Amino acid sequence: MQPKLEVSQISVRYGDKEIVRKLSFSLARGSIGCLLGPSGCGKTTVLRAIAGFEPLSSGHISVDRQQISDEDHHLPPEQRQIGMVFQDFALFPNMTVSGNIRFALKGWRRKEQQQRISQLLDMIGMRDLAKAYPHQLSGGQQQRVALARAMAPRPSMLLLDEPFSSLDVELREQLAQEVRNILRQENITAILVTHDQQEAFAMADEICVMDKGRIQQQDSAYNLYHKPANRFVAGFIGEGVLIPGVVESPGSVTTELGAIQGMVPKGCKPGCKVDVLIRPDDIVHDDAAGETAVVSERAFRGSEFLYTLRMPSGIKVLCLAPSHHKHSIGETIGIRLEFDHLVVFPQEQAASSTGDSSICQSFS
Amino acid sequence: MKTMDHQADVRFLQDEEGELLVVSSGSWRVAALKMVVPILERQTRNIRNQSLRWDVSRISSIDSAGIVLFKHYLDQLQAQGCKVEVVGASPAQQKLYRMVTSYISASPEIRGSPQSRLLRPFNRLGELAMAFLRDINAFLSFVGENFVVLMLLLLQPWKFRYRAIVRNIQDAGVGALPIVTLTSFLIGVVIAYQGAVQLQKFGANIFVVDMIAISVTRELAPLITAIVVAGRTGSSYTAQIGVMKITQEIDAMRIMGFEPHRFLVLPRVIAVMIALPLMIFFADIIGILGGMLVANFHLNISFTEFIHRLQNVLEVKHVWIGIAKGPFFAWLIAMSGCFRGFQVSRNTESIGRYTTISVVNAIFLVIACDALFSVLLTELGI
């Protein structure tokens, strides 16, 4: 299937600083994509480049196979049929809710405007607040109005810039679900930008993890967590620690926690030193187990405790345990590994884990 | 130099199926690369969105310079949407390629050499001068953009935002009347007092009317009113547009197809250009009134005497010249206010900074423009 959006090898510069470097991804029609990364990684810049606010210094962007941006040509934002929800909503304070939505419907007939506005107000469940001004609304309500305004002219694509960052956690999750349902209903292709992985997991079908102006991995949430492509993704998504180990045979790695079975990357021959990613849910508290560790920190998470355990060699690992297993700091407990996927990074590759792999492949 | 077949060479061929084939041959070493660079530069520029094969098997030898050149054009082709399949690379070439490319940095950081302390002020001066020129350049392109939008609107005059213009006249003009009244009245008083002291020495009391009438209408009323408007309206334009910039309302308008120049800048500029001449005329009246009061109490010139003299000495051209300055001053104030507003970046402290800059710019431009008028009008003998 032809992708809805195709971003190919784009770079964006501010002065002599390159914010985005040769970044590519594509998105299928009707799916929700997410650019996830720490602040300052260039994710908002990518979004603004797609919207047409930032010129590209190289590469090109196309929507429905039509090129809308490259280094020389640049379709202005209003001609791109893209809706955008801004971080601070950017509602016009001097207009009511329906006035704000109407503003996006310029050039429509009066009657059609009315119809579309009432349809959207029903969709966001704010029919009684049509005449309210933005300052009379709560954050969640403003968010929904901003979404309705962006969707009003039936754009071919919707961009959301950290849409839930100014809301409290509870509202955030609920609204993320609501927005996802609305986007699904209207079959809109959307891109979300966020630094919050919970938000990304709740909304997106496909997630691009970004760092330093590059995409580190584009994958589903499950694979990002269980099969991270490199150290950055492993550290950024979820909790976990890397512990050193040695490759024993092509299917096994020895660590301090014992031998772990699983696939080892091709380049690692037996005897090769590697780091193994250990997630908190890979370690199970078991008093009968042979290995022991000392509790050094404890965080209460409601149904679970997150323990930081110190191994005899001084290495620290994380362990999730049901909260009725209460251990005090300094106590020695037995632990057992329970692994599904082995995630291993060769040690000497630490610095150059990303980058030229695609070019190397094309060379051979 | 070795013989020709040792020179690096590259050919762009089309095979039977229409696929593009790039064949490079010869020695790709630093001394032999001179010929291929222009060929590659010319050919790769026009290849977009194609798939091509790059045969490197006939390269007899290659060094790191050759690899860098190869990678540069490979990247360029890929950036132009081409799928490039490289064939025939020997293991040694692949090894060198991997080694060289692992050292190519995507964004090399170039640090300047350390400077002597003595040179630093000059360096700073140069930077400031460049920043100043960039600023002027940005202002000129803002003015140009605004002018284009204005011209387009003149072809479709019903698209002007008349309601916004009227509202802005209300804010910038009517709202400023109290402060304009006060300042121009005081200016009239000050001029009359200063003149009175000097003129009394010569018993030339009645000439105070000439002095007040001409100085107020021609110079002082336009200048004082413009400065009040710059401080009051110019700064508020910067702040209003700056806030809209921070809350991304301007981006929101643009993505919905509302041209910010049409919606935000032109109504403000036009409103001030209409309001300021009217306010100058108002300030003329109040200023002369102030002078008349002082002349009455201090110099014993009765109101009738004053008005009679005024009719004789105040030619109407002085009033017109003063009012005619209004639109020019207004344009400078509103344009610099709006321009600085658009420069506000995404933090609140920059609003304060740019508001200050906009007022300082506006007052400077107004006074410079006034000086220009004085010179021109004197030279023209008006």
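Being acidic (D, E) and part of a helix (DSSP H, G or I) is a condition met by no residue of region A:179-190.
What residue, of A:S11, A:S39, is among the small types (G, A, S) and over 11 Å from A:G213 (Cβ atoms)?
Only one candidate passes the filter, namely A:S39.
You will find that of B:R134, B:R120, B:R167, the residue that is surrounded by fewer than 12 Cβ atoms within 10 Å (Cβ to Cβ), under 30 Å from the mean Cα position of the chain (by Cα) and within 12 Å of another protein chain (Cβ to nearest Cβ) is B:R134 and no other. Pull up region B:1-45, narrow it to residues that are buried (at least 19 other Cβ atoms within 10 Å of the Cβ) and either assigned to a strand (DSSP E or B) or among the hydroxyl-bearing types (S, T, Y) (or both), then point me to the one that is modelled with the lowest pLDDT. If we take residues in region B:1-45 being buried (at least 19 other Cβ atoms within 10 Å of the Cβ) and either assigned to a strand (DSSP E or B) or among the hydroxyl-bearing types (S, T, Y) (or both), then B:T44 is modelled with the lowest pLDDT.
When region A:59-68 is examined, which residues are found to be more than 11 Å from chain B (Cβ to nearest Cβ) and free of Cβ contacts under 8 Å to residues at least 40 places away in the same chain? Walk me through it before giving the result.
If we filter region A:59-68 for residues that are more than 11 Å from chain B (Cβ to nearest Cβ), which is where we start, we get A:61, A:63-64, A:66, A:68.
Listed by number, the residues that qualify are A:Q66, A:I68.
Selection of region A:142-156 for residues being surrounded by fewer than 22 Cβ atoms within 10 Å (Cβ to Cβ), within 12 Å of chain B (Cβ to nearest Cβ) and farther than 17 Å from A:K106 by Cβ yields only A:Q142. Is it the case that B:P222 is part of a helix (DSSP H, G or I) and free of Cβ contacts under 8 Å to residues at least 12 places away in the same chain? Against the criterion (part of a helix (DSSP H, G or I) and free of Cβ contacts under 8 Å to residues at least 12 places away in the same chain), B:P222 does not qualify.
For (1) within 25 Å of A:V7 (Cα to Cα); (2) more than 9 Å from chain A (Cβ to nearest Cβ), each residue gets a yes or a no:
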{"site": "B:T44", "(1), (2)": "yes, yes"}
{"site": "B:S57", "(1), (2)": "no, yes"}
{"site": "B:Y73", "(1), (2)": "yes, yes"}
{"site": "B:A79", "(1), (2)": "yes, no"}
{"site": "B:P91", "(1), (2)": "no, yes"}
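Taking first residues from region B:364-377 that are over 13 Å from B:E219 (Cα atoms) and partners that are buried (at least 17 other Cβ atoms within 10 Å of the Cβ) and polar (S, T, N, Q), the Cβ contacts under 8 Å between residues at least 6 apart in sequence or on separate chains come to B:L365/B:S336. Does at least one position in region A:104-114 carry a residue that is under 23 Å from A:T44 (Cα atoms) and touching a strand residue (DSSP E or B) at 6+ places or on another chain (Cβ under 9 Å)? Checked region A:104-114: at least one residue is under 23 Å from A:T44 (Cα atoms) and touching a strand residue (DSSP E or B) at 6+ places or on another chain (Cβ under 9 Å). Just one of the listed residues (B:I280, B:I333, B:I301, B:I307) is of a type outside the set (G, A, S), modelled with pLDDT under 95 and crowded, with 18+ Cβ neighbours inside 10 Å, namely B:I301.
Just to be sure before I move on: is B:L177 more than 13 Å from chain A (Cβ to nearest Cβ), within 28 Å of the chain's Cα centre (by Cα) and outside any loop (DSSP other than H, G, I, E, B) in the structure I sent?
Answer is no for this residue.
Filtering A:L158, A:L129 for residues that are under 25 Å from A:K4 (Cα atoms) and in the same structural domain as A:F53 (by TED's automatic domain parsing) leaves a single hit, A:L158. Taking A:E173, is it touching a residue at least 40 places away in the same chain (Cβ under 8 Å) and either exposed (fewer than 15 other Cβ atoms within 10 Å of the Cβ) or not β-branched (V, I, T) (or both)? Taking the combined requirement at face value, the residue does not satisfy it.
For region A:199-213, state whether one or more residues are within 14 Å of chain B (Cβ to nearest Cβ) and either aromatic (F, W, Y) or assigned to a loop (DSSP other than H, G, I, E, B) (or both).
Yes, some residue in region A:199-213 is within 14 Å of chain B (Cβ to nearest Cβ) and either aromatic (F, W, Y) or assigned to a loop (DSSP other than H, G, I, E, B) (or both).
Among the numbered conditions (1) of a type in the set (A, V, I, L, M); (2) more than 27 Å from A:S220 (Cα to Cα); (3) facing chain B (nearest Cβ under 9 Å), the only one that A:L56 does not meet is (3). Looking at region A:120-128, is at least one residue of a type in the set (A, V, I, L, M), buried (at least 18 other Cβ atoms within 10 Å of the Cβ) and not in a helix (DSSP H, G or I)? Within region A:120-128 (the criterion being of a type in the set (A, V, I, L, M), buried (at least 18 other Cβ atoms within 10 Å of the Cβ) and not in a helix (DSSP H, G or I)), the answer is yes, since at least one residue qualifies. Take the conditions (1) in a loop (DSSP other than H, G, I, E, B); (2) without any contact (Cβ under 8 Å) to a residue 60 or more places away in the chain; (3) surrounded by fewer than 20 Cβ atoms within 10 Å (Cβ to Cβ); A:L56 misses just one of them, which is (3).
Confirm whether B:L182 is in contact with a helix residue (DSSP H, G or I) (Cβ under 6 Å, 6 or more places away or on another chain) and in the same structural domain as B:E349 (by TED's automatic domain parsing). Criteria not met by B:L182. The set of residues from region A:72-104 being over 29 Å from A:S39 (Cα atoms), within 9 Å of chain B (Cβ to nearest Cβ) and part of a loop (DSSP other than H, G, I, E, B) comprises just one member, A:A104. Looking at this structure, is A:F232 in the same structural domain as A:L27 (by TED's automatic domain parsing) and of a type in the set (F, W, Y)? The answer is no for A:F232. Residues that are within 10 Å of another protein chain (Cβ to nearest Cβ), touching a strand residue (DSSP E or B) at 6+ places or on another chain (Cβ under 6 Å) and without any contact (Cβ under 8 Å) to a residue 24 or more places away in the chain do not occur anywhere in region A:17-32.
You will find that of B:F328, B:F364, the residue that is within 17 Å of the chain's Cα centre (by Cα) and of a type in the set (A, V, I, L, M, F, W, C) is B:F364 and no other.
The values are calculated or read from the model by the stated rules, or taken from the named source; none is laboratory data. This one's a predicted model, so the numbers in the text were calculated from it and none came from an experiment. Neighbour counts are summed over all protein chains in view; Cβ atoms, including those assigned to glycine, are modelled from backbone coordinates with ideal geometry.
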